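To start, I am sharing the structure in question, which I have written as structure tokens.
The values are calculated or read from the model by the stated rules, or taken from the named source; none is laboratory data. Note that the coordinates shown come from a computational prediction; the quantities given were computed from them, not determined experimentally. All Cβ positions, even for glycine, are placed from backbone atoms using ideal geometry, and neighbour counts span all protein chains on display. Areas reflect the complete protein model, heavy atoms only, side chains present, ligands, DNA and RNA absent. Shrake-Rupley method; radii C 1.70, N 1.55, O 1.52, S 1.80 Å.
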Amino acid sequence: QTENTKESVKRLVLNGQLEFVGGGWVMNDEASVDVHQIINQYTAGHQWILQNIGEEAIPTTGWAIDPFGHSSAMAWAHREMGFDGMVINRVHDKLKTSWNKEQKLEFAWDRPWNMGNRSCLNDSEDMNTRERWEGDGMLTH
């Protein structure tokens with residue numbers, strides 16, 4: 001990119017007009033990687049953001065719209081990284097349709113190993129999660 005383009009993007013981010021979500025080097029797979037690989041790819045992405053944009057641009061929202069299934073470990077990992085919400089996709093169509101009809105596309109995602117137990121590190125809150133619904137025009141948490 002040209003220096004002008006880089007400065008324009010940086011200005012948009014710092015003005016709150018453009019936001020990074022996730023901020024990993026890639027969007028990792030959730031089914032077959034271990035937590036160290038997840039942490040390494042997020043660390044690489046966040047270091048790039050810190051070095052090129054600044055601390056105020058570090059994401060607060062997770063992004064997992066194209067994995068082959070979702071792992072509750074990602075909700076835990078995003079919470080541990082300081083994210084206050086996440087957007088997901090790839091939920092079965094019947095479940096997605098039901099959630100949309102019942103207005104439950106936003107939910108608190110608790111981990112199965114922690115249900116009812118608040119003694120774990122940073123588990124004072126569940127991960128606020130938003131299922132992406134095609135056509136709703138809204139991808140907030």
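Quick one: how many Å² of Ser98 are accessible to a 1.4 Å probe, rounded to 10?
About 40 Å², ignoring ligands and nucleic acids.
A follow-up question, please. Within the stretch 19-62, which GluC sites (Glu not before Pro) sit in a loop by DSSP and count at most 14 neighbouring Cβ atoms inside 10 Å? Could the numbers behind the result be given before it?
Numbers: sites: Glu19, Glu30, Glu55, Glu56; in loops: Glu19, Glu30.
In loop regions of the stretch 19-62 (DSSP not H, G, I, E or B), the sparsely surrounded GluC sites (Glu not before Pro) are Glu19.
Give the residue list of chymotrypsin sites (Phe, Trp or Tyr not before Pro) in the stretch 1-95 that are DSSP loop and have at most 10 other beta-carbon atoms within 10 angstrom.
Here the chymotrypsin sites (Phe, Trp or Tyr not before Pro) that fit, given the DSSP loop and packing criteria, are Phe68.
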